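Working notes, beginning with the structure itself.
The values are calculated or read from the model by the stated rules, or taken from the named source; none is laboratory data. All values derive from a computational prediction rather than experimental measurement. As a convention, Cβ positions derive from the backbone with ideal geometry for all residues, glycine included, and neighbour counts pool all protein chains shown. These accessible areas exclude ligands, DNA and RNA; they are computed on the full protein's heavy atoms, side chains included. Shrake-Rupley method; radii C 1.70, N 1.55, O 1.52, S 1.80 Å.
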Amino acid sequence: MIPVIGLVVGVVLGLVLQPTVPLWAQPYLPIAVIAALDAVFGGLRAVLDGVFSDRVFVVSFLSNTVVAALIVFLGDQLGVGAQLSTGVVVVLGVRIFSNVAAIRRLLFGA
Amino acid sequence: MSRSRSHAPVPVGLLEALAEPLDPGYEAVHRVRSTAHAARAGSSSKAPGESKASGESGEGPRPDEAGAVRPRPRPGHVAGSLAVGLVIGLVLATSGLASDRTRSSLRERRAALVERVEASQADVDALTARASALRGAGPTAADSRSADARLAEAAGAVPLTGPGLVVTLDDAPAALAPAPAPDAPGAGDAAESGRIVARDVAQVANELWAAGATGVAVNGQRLTATSSIRFAGRAILVGYRPLARPYEIGAVGPADLAARFEPRGGVYLDELRTAFGARVGTAAVARLTLPAGTLLDLDHAAPAPGAVDGPEQWPRAPASPATPPAPSPGETSPSRARSTPVPTPKGSAS
């Protein structure tokens, strides 16, 4: 429940403050978005599975984000940032799809 | 609780991510927690969904809450999950807003481009309409005839009438007296310097052209593109015809021809008068008629076989040259030179 409250507050804050993404952070925006979505759906599925844990939620989100940003940063330095960020997006996107499918099975039994 | 978790362990990489989308940490924590509960209360049938926000089991069981099915959340974990949720929401909202901004700016640019395209289309339409209108109203017979007339005037093929300026040049009086004795020693320089030479006539004619004259005639000899002003001994020849003094240079041009001639031609005339004693004069004439030129013969061109008729006003007949209004005395039988004319230094303009 508490992460949901945080989510709502964050969305409202973003809509009200309208922060602009600095230029250096532009390549990391898709990574941040996909990691955030992954954390949201993973947490949701864990809740439905009955195995949710605050600690795992926080740690997994932070570590996923850091690793993804690290990969993209490394790729940027090597000149292949776009490709590596595509890889990150693919992996996390697959996870999101699987999680959503599991949620669907849990909710509708189909 | 662990329904649909019946997947066998699947190989590495992307397939693993596919097979185990849920973070394994959840499962591990849950396993620790449930075994702790099982050991504590012996009841392993905890309802799903009640275990959220419970971090204690991961930290280790607490003896004082042994029977509690629902553990109390710890403030540190509450703050952490709140912060993570906040960050996630912030990221999502920011990204959405950024894409929205991009989209709106793209929309503006697209609107501007559409505007430009439409404006250009309107231009094209207008120009197309104008082009077709102009194509319909092509050159007519009257236009070509007037073009012919203009060309004939410019070429000196027809007499020219209009407001004009007459410049009169004559030898200095000192040059006239010793005329019969040109070989007298000592009489030379002063007398010769007062004589009008071909260069003076050419200079005045050039200044008249530069002043905007559309036609110039010297003693009734119309200057054309092939005319020459030359000298042979003391005689001044225009178009191979010798002239006799005084020299009258008539020009037809714009109404302000005299004013336009004055700054340069007038200075030249003043110099002739003051330095050499020549008799010069200018007279603006409201209506001056210049004769047609006489050197207009076709050397190479010939009428096309099927041509109906040429311009009828051209003086084609060599036997009837246009008569100058003021024939120079002593010019009774003009010999029409048919040879190729010598290029003249006659300036056409400026």
Inter-part distance where region A:1-72 and region B:115-132 are each reduced to a Cα centre, Å: 54
Accessible surface, chain A, averaged per residue in Å² (probe 1.4 Å): 51
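Over region B:74-133, what percent of the accessible surface lies on carbon and sulfur atoms, probe 1.4 Å? Let's see the in-between values first.
Working: 2500 of 4020 Å².
Accessible surface attributable to carbon and sulfur in region B:74-133 totals 62 percent.
Could you tell me which of rounded, prolate or oblate describes region A:56-110, using a ≥ b ≥ c as the square roots of the eigenvalues of the alpha-carbon gyration tensor, with rounded for a/c under 1.5 and, failing that, prolate when a/b is larger than b/c and oblate otherwise? The partial results should precede the final answer.
Working: a/c = 7.58, a/b = 2.06, b/c = 3.69.
Here region A:56-110 falls in the oblate category.
Is there a simple number for the mean count of other chain Cβ atoms within 10 Å of the Cβ of residues in A:58-69, and what is it? Don't skip to the answer; put the middle values down first.
On the way: counts 10, 4, 6, 8, 4, 2, 1, 4, 0, 0, 0, 0.
Average per residue, whole number: 3.
Using a 1.4 Å probe and counting only protein heavy atoms, how much accessible surface gets buried when A and B come together, both sides summed, in Å² to the nearest 100?
Details: alone 7660 and 22700 Å², together 26260 Å².
Buried area (both sides, nearest 100 Å²): 4100 Å².
When you look at the Cβ of every residue in A:16-25, what mean number of other chain Cβ atoms sits within 10 Å?
Numbers: counts 1, 4, 6, 5, 4, 6, 0, 0, 0, 1.
Other-chain Cβ atoms within 10 Å of each residue's Cβ, averaged: 3.
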For residues of A:31-39, the mean tally of beta carbons on other chains within 10 Å: 4
Probe 1.4 Å, protein heavy atoms only - accessible area per residue of region B:74-133 in square angstrom: 67
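Quick one: grab the alpha carbon gyration tensor of chain A, order the square roots of its eigenvalues as a ≥ b ≥ c, and give me rounded if a/c is under 1.5, else prolate or oblate depending on whether a/b is larger than b/c. Walk me through the numbers on the way to the answer.
Working: a/c = 2.19, a/b = 1.42, b/c = 1.54.
Oblate, because a/c is 1.5 or more while a/b does not exceed b/c.
Mind ordering B:98-105, B:196-203, A:9-16, B:84-91 by average Cβ neighbours within 10 Å, highest first?
Ranked by mean Cβ neighbours within 10 Å, highest first: B:84-91, B:196-203, A:9-16, B:98-105.
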FRET efficiency, 1/(1 + (r/R0)^6) with R0 56 Å, evaluated for B:Asp125 and B:Ala225 via beta carbons: 0.80
Additional length obtainable on full extension of the chain from B:Ala83 to B:Val197, 0.36 nm per residue less Cα span: 30.2 nm
Residue-count net charge about B:Ala210 - beta-carbon cut-off 9 Å; Lys, Arg +1, Asp, Glu -1: +1
Protection proxy ranking of B:269-282, B:148-161, A:45-58 - average other beta-carbon atoms within 10 Å, highest first: A:45-58, B:148-161, B:269-282
